1. According to the Cα gyration tensor, what semi-axes, each the square root of 5 times an eigenvalue, does the equivalent ellipsoid of the chain have, listed from largest to smallest in whole Å?
2. Per Stokes-Einstein, at 10 °C and 1.306 mPa s, what whole-number D in µm² s⁻¹ belongs to the stretch 323-477, with the Kirkwood radius over Cα pairs as the hydrodynamic radius?
3. Strictly greater than 19 Å: what percent of every Cα pair in the stretch 84-193 meets that?
4. Return the distance in nm (one decimal) between the two label points of a simple spin-label model at residue 91 and residue 44, each offset 7 Å from Cα along Cα→Cβ.
5. Cα atoms only, the stretch 175-224: Rg and Dmax in Å?
6. Kindly work out what percent of the DSSP beta bridges joining two residues of the chain are antiparallel, to the nearest 5.
7. Shape verdict for the stretch 1-137, please, from the Cα gyration tensor: rounded (a/c under 1.5), prolate (a/b greater than b/c) or oblate.
8. How much length, in nm to one decimal, is gained on full extension between residue 458 and residue 249, taken as 0.36 nm per residue of separation minus their Cα-Cα distance?
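The numbers here are math on the coordinates, done by the rules we state, and not lab data. Every value quoted in this text rests on a predicted model; they were computed, and no experiment measured them. Cβ placement follows ideal geometry from the backbone for every residue including glycine, while neighbour counts extend to all protein chains displayed.
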């Protein structure tokens, strides 16, 4: 269960802002001029890239963001300002350096496959004047009570060695954690940071240790921590997840099911780690959160992002095989509901016997789930079903019925209750939305005064447990 104590932390991003430019099209023939496909462009899109993609990810997660960087006086720089303005990001602390060309990466996509890429950019270090202006802005902004600072280094000349060290020292002086997505082989510029997020190849290059097993991984990750005086040492391991080290090595497996595009996955790791730590999660919880965020993002095309809702739902789907984990008692569901409300999750509640689960139940629950984020089912116990339906019911025990419901993708939690009505359960959970079947139209419904909204969902005609039982009984008579 993801428990974010602060759902909108304030985070400062410093680094190489870029534009990811996409030309989307299809190809049905080869050019007569050269052995290359002729792509007919159907759509053209531009999104924030580099440190801009870190901002995109933080924005999707719900953080409050400030950005400090240096751009040029080119058309791409003007385009970038417009993209930031669309996100309502303050751009007054972005310095313009005459003659500089902002990095713009253009990707040609044909039938969902990337076939070419071309870049336009300046990669020389920013001027001494720009560096002085940047650190001066940061010194003025540091009193804004940032929860953390993220440095997104793409090696395009913004985060020079001297500037990076000044940023880290100023942040540490103000007790602010600095997380860095590093670039290049010289990690001394990041000395004193809270943590770095190199991938396995980058860590191997920086440490001169080929990472081939847990032994070499431990040598490399501990060297990074000790040599560069990091609070934590971290290495991303692609499909093998993330490794972390303080006084011991821990590995967390990747959560990705399907990988369509790894563009910007490193930005997602940096953003989600910074967000999770700023929201009060400890380092291990933050790594797990980051793994989930990366799993969501690599399942999308392009420089994608993940919302907290998507991460929670993805986490739920990954663990759906252990259905009994989602069957809760009253005390557990009360605690879960409080956490959900703190994380601004919209809770839906419905209840019923759900004996002999059928297609009508499935469609009803799928419709109910669409009304919010988390669907909780109050399941009538065996004794209460007997009172409602008669001595021959239920057909299936409460444990079997709960397990079947918990295995459904639309269902997040199941809690068994024995009261005559679900009023006390609804009052304990305090859901935002109460969903009932069409047979409750214009009737007084237990607990409806507790919720924000009542939704009535019509049943599929001819689909009911009673009719299924009657059909079976009639066939037995034949």
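1. 50, 26, 22
2. The Stokes-Einstein estimate is 100 µm²/s.
3. Beyond 19 Å sits 56 percent of the P(r) for the stretch 84-193.
4. Distance between label points: 1.9 nm.
5. That works out to 11.1, 36 Å for Rg and Dmax.
6. Taking every DSSP beta bridge within the chain, about 35 percent pair in antiparallel fashion.
7. In terms of gyration-tensor shape, oblate.
8. Length difference between fully extended and current span is 69.9 nm.
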